[in-house]
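Report on the structure given below.
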Amino acid sequence: MSDFIAFDKSKLGIEVVDQSLGIKFSPPNGWGLKQSSISRKVESRGSFTNPNGNFFYQPIYVFFDNTTGGLLSVGKVETSDTTISKSARLNYYNSLLNTKYKKNEFAVGNFVHSKIYFTQLKFRKESLISYKIIFENSSGDLIQFDYTIPKDFLENANLSIKSSVGSIQPM
């Protein structure tokens, strides 16, 4: 578990409670809430014959650390593909990301915390390290936490990021 989460409350910012996401969580301490000007991100399954096969990540919250340049976005992942059952969406989405990032020093891990089954995707792209934490809330919606930090600041921010992941709780 210590590879994925920590429980140091001194490393956490203010608690966020969101009914639409069905969760509560805390960003890393010192990471300020910003205007969510990040637009919807399309993760394609790569088929022109099935344009509905895309996944869409819509950040609702964006937190930024002015000191390190760290960024946390939190939101829902949705698809317009009605042929995918709710139970299979998580597997399809994880598989899509696995394929997309496998050339970027990619690692996958799974863990359970607060009765939630989490998948963590870690990858490096140039000088940035990203952690995508993906899970289903109690309503079956896919939720994604996306932590990105410059590699040079990862060692100092690692405990804060793990504590933030450890703060995720269902409502």
Of the candidates SER138, SER164, the one satisfying the condition of being in a loop (DSSP other than H, G, I, E, B), among the polar types (S, T, N, Q), touching a residue at least 24 places away in the same chain (Cβ under 8 Å) and closer than 26 Å to VAL16 by Cβ is SER138
Among the residues of segment 40-63, the number that are of a type in the set (Ser, Thr, Tyr) and modelled with pLDDT of 55 or more is 2
The residue from ALA107, ALA157 that alone is within 20 Å of PHE7 (Cα to Cα) and of a type in the set (Gly, Ala, Ser) is ALA157
query = Does GLY22 count as among the small types (Gly, Ala, Ser), modelled with pLDDT of 75 or more, within 18 Å of the chain's Cα centre (by Cα) and over 18 Å from GLN144 (Cα atoms)?
reply = no
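I'd like to verify a number: residues in segment 66-100 that are of a type in the set (Phe, Trp, Tyr) and farther than 27 Å from SER167 by Cβ, how many?
1
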When (1) under 13 Å from the mean Cα position of the chain (by Cα); (2) farther than 20 Å from PHE7 by Cβ are applied to SER138, the one that fails is (1)
Pairing a residue in segment 44-65 that is of a type in the set (A, V, I, L, M) with any residue that is modelled with pLDDT under 85, where Cβ atoms lie under 6 Å and the two sit 6 or more apart in sequence or on different chains, gives VAL62/SER36; VAL62/ILE38
Restricting segment 1-21 to residues that are touching a strand residue (DSSP E or B) at 6+ places or on another chain (Cβ under 7 Å) and assigned to a loop (DSSP other than H, G, I, E, B), the one nearest to VAL74 (Cα to Cα) turns out to be LEU21
Checking the structure you have, find out if any residue of segment 104-121 is at pLDDT below 75 and over 26 Å from SER26 (Cα atoms).
yes
The residue that is surrounded by the most Cβ atoms within 10 Å (Cβ to Cβ), considering only those in segment 74-109 that are in a strand (DSSP E or B) and in contact (Cβ under 8 Å) with a residue 40 or more places away in the chain, is VAL74
If we ask which residues in segment 110-133 are in contact (Cβ under 8 Å) with a residue 12 or more places away in the chain and either of a type in the set (D, E, K, R) or assigned to a loop (DSSP other than H, G, I, E, B) (or both), their number turns out to be 7
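The values are calculated or read from the model by the stated rules, or taken from the named source; none is laboratory data. No experiment lies behind these values; they were computed from the predicted model shown. Positions of Cβ are generated from backbone atoms using ideal geometry, with glycine treated the same way; all protein chains shown enter the neighbour counts.
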